[in-house]
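All remarks here apply to the structure that follows.
The values are calculated or read from the model by the stated rules, or taken from the named source; none is laboratory data. No experiment lies behind these values; they were computed from the predicted model shown. Ideal geometry is used to build each Cβ from the backbone, glycine not excepted, and the neighbour counts take in all protein chains shown.
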Amino acid sequence: MNAEALEYYHTGLLHASQSNYDAAEYFLLKSLEIDAVVGTWATLGWLYASRTGRYKDALRVFKKAIRLAPQDGDLFNDFGALLIKMGRPKMAMHWFNRALRSKACSRYHYALYNMALIYRSWNRPERSRRYLHLCLRKKPDFEMARELLGQIEKDFQSA
């Protein structure tokens, strides 16, 4: 990344960490004007989705990032998580499956965990358990997955 773009990027992250989201957006966009790298697009998408609730803007930004890096499984995970927030779990499943098929994914366990959450919401505990077991095989210390599996097992036994 260009040095000036990197400086704007870091300034944007600093503002985001201080809950100054308008300034964060400004500096991230300035960074993109200079050097439009995938990581900055993804960070801007995260800002829109997680901090400002601007899901349509986040959707647009993540699509741009995916066009720039069509093999990035981590982007697929993030995009799927956004779709869950937008109430589109069926479409999210498509993106989590793409993440699992991607060779460029450092967080397979998140795709598996999110798929387990979706199956749980669809009242499919057996599928949810299956994906949680796969998730814990990939990342045995993933506490959220272990807790969800415990809840599902408890619900399953009391049914």
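Residues in the range 24-46: is at least one of a type outside the set (D, E, K, R) and under 27 Å from Asn123 (Cβ atoms)?
No, the conditions are met nowhere in the range 24-46.
Please go through the range 80-104 and pick out each residue that is over 14 Å from the mean Cα position of the chain (by Cα) and β-branched (Val, Ile, Thr).
Matches in the range 80-104: none.
Out of everything in the range 30-66 that is of a type in the set (Gly, Ala, Ser) and farther than 23 Å from Arg98 by Cβ, what residue ends up being surrounded by the fewest Cβ atoms within 10 Å (Cβ to Cβ)?
In this case the residue turns out to be Gly53.
Within the range 1-18, how many residues turn out to be touching a residue at least 24 places away in the same chain (Cβ under 8 Å) and either closer than 25 Å to Met86 by Cβ or among the hydrophobic types (A, V, I, L, M, F, W, C) (or both)?
6
Go through (1) modelled with pLDDT under 95; (2) in contact with a Gly (Cβ under 6 Å, 6 or more places away or on another chain); (3) among the aromatic types (Phe, Trp, Tyr) for Phe96 and report which single condition fails.
(1)
Those residues that are in contact (Cβ under 8 Å) with a residue 24 or more places away in the chain and among the aliphatic types (A, V, I, L, M), I need them from the range 56-79; list them, please.
Ala58, Leu59, Ala65, Leu68, Ala69, Leu75
Find the helices (runs of 4 or more DSSP H) located wholly in the range 73-135 whose residues include 2 or more that are touching a Pro at 6+ places or on another chain (Cβ under 7 Å), and list them.
108-121
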